[in-house]
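In what follows, a single structure is set out as C-alpha cells and then discussed.
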Amino acid sequence: MEIEKGAGKIAKTLRVMIQDKPGYLGKLTSAIGMAGSNIGDIRLVRMGRTHNTREMTIYVDSEEQLEKILDDIAKVEGIIVEEVIDLVHQLHEGGKIAMKSRLPINSIGDIRKLYTPGVASICRDIQKKPELAYRYTAIPNQVAIVTNGTAILGLGNIGAVAGMPVMEGKAALFDRLVNVSGIPILIESLDPQVIIDTVKNIAPTFGAIKLEDIAAPECFAIEDALDEALDIPVMHDDQHGTAVVVLAALLNTTHFSGLMLSKSTIGVIGLGAAGMGISKLLLSYGVKKVMGTDLKAESRDMLEQAGGEAGTLADVMAESNIVIATTGCPGLIKPSMVRKGQVILALSNPNPEITPEDAMAAGASFAADGKSVNNALGFPGIFRGALNVRATRINNKMKIAAAKAIAACAEEGELVPSILHKEVHAKVAEAVERAALESGIIKPWE
C-alpha cells in the first residue's frame, strides 16, 4: 500500500488528463522524476477521443515539493492536473474501525435469542456467577486503548480527540494481526487521578488495559496505580511495547556487531516513557550497565533508582558500546560523537537523532532508526498471549519472552521482522502465554 512505500514520505495521487499521443505520459513521469519524487501506481481512469485520464501515486517529502512538481507539470504541453488527492486523508474518512455483530440477524427468531427475551437467562446466569461473563460475553477479548493525548507520536500534547486516529490505528492492528477487539477510550484530562479513576470504573468491560501516548512522568504513576488496583493486564505501550521491540533488535545486533549484549554498556539518551521502559527492561534482562541521560533531573534520578547510572550526553556517547536515542530531537547526535564500532539506534520518528547513513559513515558497526524498530511488532502478540491465559498482569518475564520470539522471526540480514510477518504475532503470543504460566500469574478459565 502507499504508506509502506516510503516511511516519512507524503503520498499523493494526481488525477491527470494526458493528450493521447506517444510520449506524453513519458513527459509527465520525467517532470515528476526530475523534481525528486518517487512514482507508485499508475491507473487508467477513463479514455477519451483526444485525452486519457490517469491517476498516478507520487511520494513527496513536503507540501513545498508537491507545489514545485505541480508547477513543473503545468509547463508541460498536453497535460492537465485535474485533482490532487491526499491518500492519507481519504483513507481516514469515516474512521478506520467499527463495532459489528459476530452473529447473523435474519429473523425475529434470531433477535429473540440474541436480545430479548432470550438474553435474560444469560444475564441471570452471570448475576449468579460473574465468572461466566468470560464465557458468554466479549469481555475477555476486549482491550481498552486509553489516552489523554499528551504524547501523541512526535506531535506532543495535542489532546485526546486529536489522538483518536492513532488509537483507531492501534485498534485496526489488533483486529488484523491477532483478532483482538481494541476499543479507544479518550480522556480529556491532565490529572493522573482522573485517568486512574476513569479506567478503574470502566475496567469491568475489558480483558486488559493498554495505555497509549500518555506523557512522562505521569504515565509511570498511572500505570503503577492501575497495575496495583486491577486484576487484569495493564501495559503502557510507549514504555513496554517499545522496550520489547528494542530488546529484540539488540538481540539481533550481535550478528552485525559482534557485541555481547549482557556485557555491553548501553547508553540511553532521553529518559521519557520509551527511554525509561527500555532501560528497565534491559536491566531486567541482565545488562550489567545502563547509562542514561535526560534534561530532567527527576528522570535521571528515576533511572538510578531502577539500577542504572546517570550521566551527560558526552558521557553516554563516550562510554557506551550501544546507544539508544528516544529524544525526539533530530540531529542531536553529531557524527563526531560516534565511536568506531558502536551500535546506534536513533529511534525518534520521523527524523532520528542521527541518520543510519551518517552513523555508519562515522564508524558505527551498525545503525538503525525508528522506521526499523516499531512497537506494533510487540503489543498485539503480548496482549493476545496475556488474554489467552487470563494473565493478571504483564511482567518482565513475559516481555523478555516476547522480545526473544520477535528476534527469532527475523530473516537473515534483518534487524527485526516485518509487522506483517505471517508468524511473528502468533509466536509472540505463544511465548507470552508460556511465560505467564511459568510465572503463575493467571486465572483459571471456568
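Brief remarks follow.
- Enumeration of residues in segment 270-298 that are in contact with a strand residue (DSSP E or B) (Cβ under 9 Å, 6 or more places away or on another chain) and on the phi > 0 side of the Ramachandran plot: Gly270
- Criterion (part of a helix (DSSP H, G or I) and either in contact with a helix residue (DSSP H, G or I) (Cβ under 9 Å, 6 or more places away or on another chain) or surrounded by fewer than 24 Cβ atoms within 10 Å (Cβ to Cβ) (or both)) met by exactly one of Ile214, Ile195: Ile195
- Scan of segment 9-32 for residues that are at pLDDT below 90 and either outside any loop (DSSP other than H, G, I, E, B) or open to solvent by less than 60 Å² (accessible area, probe 1.4 Å) (or both), ordered by number: Ile10, Ala11
- Residues being open to solvent by less than 60 Å² (accessible area, probe 1.4 Å) and over 36 Å from the mean Cα position of the chain (by Cα) - total across segment 44-99: 9
- Applying the criterion of being touching a Gly at 6+ places or on another chain (Cβ under 9 Å) and part of a helix (DSSP H, G or I) to the residues of segment 285-301, the residue that is most open to solvent (accessible area, probe 1.4 Å) is Arg300.
- Looking across segment 350-409, the residues that are of a type in the set (Val, Ile, Thr) and either open to solvent by 20 Å² or more (accessible area, probe 1.4 Å) or not in a helix (DSSP H, G or I) (or both) come down to Ile354, Thr355, Val373, Val389, Thr392, Ile394, Ile400.
- Residues of segment 224-248 that turn out to be closer than 18 Å to Val432 by Cβ, part of a helix (DSSP H, G or I) and open to solvent by less than 10 Å² (accessible area, probe 1.4 Å), as a count: 9
- Filter result for the condition that a residue is open to solvent by 30 Å² or more (accessible area, probe 1.4 Å) and within 21 Å of His240 (Cβ to Cβ), over Ala171, Ala203, Ala221: Ala221
- Of everything in segment 249-280 that is among the hydroxyl-bearing types (Ser, Thr, Tyr) and either part of a helix (DSSP H, G or I) or open to solvent by less than 10 Å² (accessible area, probe 1.4 Å) (or both), the residue that is farthest from Asp369 (Cα to Cα) is Ser262.
The values are calculated or read from the model by the stated rules, or taken from the named source; none is laboratory data. What you are looking at is a predicted structure, and each value in this text was computed from that prediction instead of being measured. Please note: Cβ atoms are built from the backbone with ideal geometry, for glycine as well, and neighbour counts cover all protein chains shown. Side chains included, ligands, DNA and RNA excluded: accessible areas come from the protein's heavy atoms. Shrake-Rupley method; radii C 1.70, N 1.55, O 1.52, S 1.80 Å.
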